[in-house]
1. In debye, nearest 20, what is the charge dipole magnitude of segment 68-212 about its Cα centre with +1 on Lys and Arg Cβ and -1 on Asp and Glu Cβ, if you could check?
2. Looking at ASN288, THR387, ASN584, which one has the Cα that reaches farthest to the positive end of the dipole of the chain (charges on Cβ: Lys, Arg +1; Asp, Glu -1)?
3. Per 0.36 nm of contour for each residue apart, how much would the distance between SER173 and ALA435 grow if the chain were fully extended, relative to their Cα-Cα spacing?
4. Between ALA197 and SER46, what's the calculated FRET efficiency when r is the beta-carbon distance and R0 is 35 Å? Round to 0.05.
5. Give me the one-decimal nm value for the distance between modelled label points at ILE406 and ASN283, 7 Å along each residue's Cα-to-Cβ direction.
6. Karplus couplings for segment 610-617 from phi (6.51 cos²θ - 1.76 cosθ + 1.60, θ = phi - 60°), rounded to Hz, Gly and Pro as x?
7. Return the long-range amide H neighbours of VAL276 (sequence gap of 5 or more, or a different chain), with a cut-off of under 5 Å between placed amide H atoms.
8. Please give, to one decimal in nm, the separation of the simple spin-label points placed at THR211 and ASN381, each 7 Å out from Cα toward the Cβ.
Amino acid sequence: MKKAFKYCIFLSLVIVTVFLSFNGGYVTGPPFIQNESIFSSGGPDSFGYTWRDTILTAGTLGFKDTTWGTGTWTRVNGLGDDNLVGPFAMGWSFRYYYYNVNQFWIGSNGWLTFRNPGASQLASPFPNIPATTPPNDLVVPYAADLNFTGTNNPGRVYYYTNNTDTSIISFYSVPFWQQAAPTFNGANTFQVIFTSADSSITFKYKDTSGTLATPDLVTGIENLTGLIGLQVSRNAYATENKEVKFKYPPVVTYQVRDVTVKSVDNPNNGGIIKLVGDTIAVNAVIENVGNVNVSSFSAAMTIRTVTNTLVRSDTVSVPALNAGANSPISFNNTFIPTTPGFYFIRVRTLLVGDQVTLNDSTQIELNVLPRTGVMELAYENGLANGTGISWSGGSGSVGTYFIPPIYPVRIDTVKFYMTNVAAGYTAKILDDDGANGTPGTQLFSQVMPPATVNTFAKVPVTGVNITSGGFYVIWQMGGESVQLATNITAPISRRSIEGFGNDYAPFRRADTDDPLIRATVFSSVIGIQQVSSEVPVRFSLEQNYPNPFNPATNIKFSIPKQELVKLVVYDILGKEVATLVNENMSPGIYKVDFPARTGGNGSAYASGIYFYRIESASFTDVKKMILIK
């Protein structure tokens, strides 16, 4: 009897072992043989990840609610329609592919990324997985057109970490977007679980309901290059009580030698605006994104015009980098532009034997403006050659982020180029004082009627001054039948955003399109140049040159000692029209530009006689000048 009992135990162990061997080592919560059915499986990808999904009976899914665990659950705020928030700290290092991650961003459309997505996001139409188009480094439990906005929307997200070995991101009752009121339908509850013990990733789908106008959905994972990954499903609604588990390879044989240009000038690789005569130093961050340590190598920098004329180049050495490490670098050969226009700044790694050449270079846009008091900030050449922007529902928005090349500036005009104007729009200016430089305080808002098609519509702005940082110019639709133009001519700025209500995210086509949005700003100090450091013997104010003038003239003055100096322009009626200088100045000889175009709406000054007056504590003088057209 004892022998028979031992034989039964032995046979049971054999059966379990055979089951596990055919099951790829996947074990679900008890009971793991009864109450479940293997639905499908896939992989491995080239790294070795595999996946398997299981349909469980109610009560055996093991969904981790916000009462589970000894760690901390935190409510995620700021999710809307087609946006993302983050980063959030995991509190520990999770092994993902051949590198470690410890923070994540959450997309409102049911996706996560471990790397700063910069000017990119996942929105419909969703790409297949993997895809080299950004964002990359993805975990996608349920990419769909989900929506957190609208009155009484039940959608919410929580994340959990015990700061040791487990992190969970849970989406609760998140509906799909729909055009008709109340702009959402259904409710979807699902989560992602990251586990340190086996470096596994598990998707759990608890409740799913609702429909999309077009079933555009995708699930899967991909690495930081977008070259490796697994797609679990495409255009299929999630099944309730389903679990999908991604298994890390038991033995990693995949080796990759790969360095990348992580950023140039700024973390988002966004376009920059400078002035003629500025000294432009190119800085970058180089990262070893492979799993092989590399010795020192070189990186090269080039600056070219839009006609591909090389105007500056340099090569520097990058120190040895361990896998996962990065290093800032600075190029020594600075660029002082003498000609306004658009330029490409490109940084490229020169690692011998780099196995992933796709990410070896990064290019950003440089727009050089004339050094005048009036500046038109723009990232495009004015051609409406893109597909344009017009959101379903007629209330979405798009915007552009501008960082002025000098401070302070006064915003005089914002401009929008529309190709369909059956409805009006709202022009807004938002400060960048939101979290991590995102849109924050509203500085200006004006509802506008339908504009003239196929030209820039000008919106006068008053009372907005920028003394530091940048600002967002927002175009918000006033109905279905209005469309903003886009430009697809390189270089592209990656400075555009999209929004719904008060929620904003990178524009989904920020890598390929620039919205035709501009801002005209004025700086009273932009034209001040010290032409000599020689200390004059007395104060003086010279006659402007040329005179008469159009479109601009120069005014030269001398300061023999440090004083507060004010130089103001008046029209023939004595009304102040411009303050050219108002600051403490050191001894020297200076000149300042006075342009024929400025003012509260960016329009041209009228022809006629003007006076300019210099004033300090010990000197005053007035002279006359003539503006002609």
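1. Around 180 debye, computed over segment 68-212.
2. ASN288
3. 91.7 nm
4. Rounded to the nearest 0.05, the efficiency is 0.90.
5. Reported label-point gap for ILE406 and ASN283 is 2.2 nm.
6. Coupling constants for segment 610-617: 10, 10, 10, 10, 9, 9, 9, 5 Hz.
7. LEU369, ARG371
8. 4.7
The values are calculated or read from the model by the stated rules, or taken from the named source; none is laboratory data. Owing to the predicted nature of the structure, the values given are computational and were not obtained by experimental measurement. Positions of Cβ are generated from backbone atoms using ideal geometry, with glycine treated the same way; all protein chains shown enter the neighbour counts. These area figures cover heavy atoms from the full protein model, side chains too; ligands, DNA and RNA do not enter into them. Shrake-Rupley method; radii C 1.70, N 1.55, O 1.52, S 1.80 Å.
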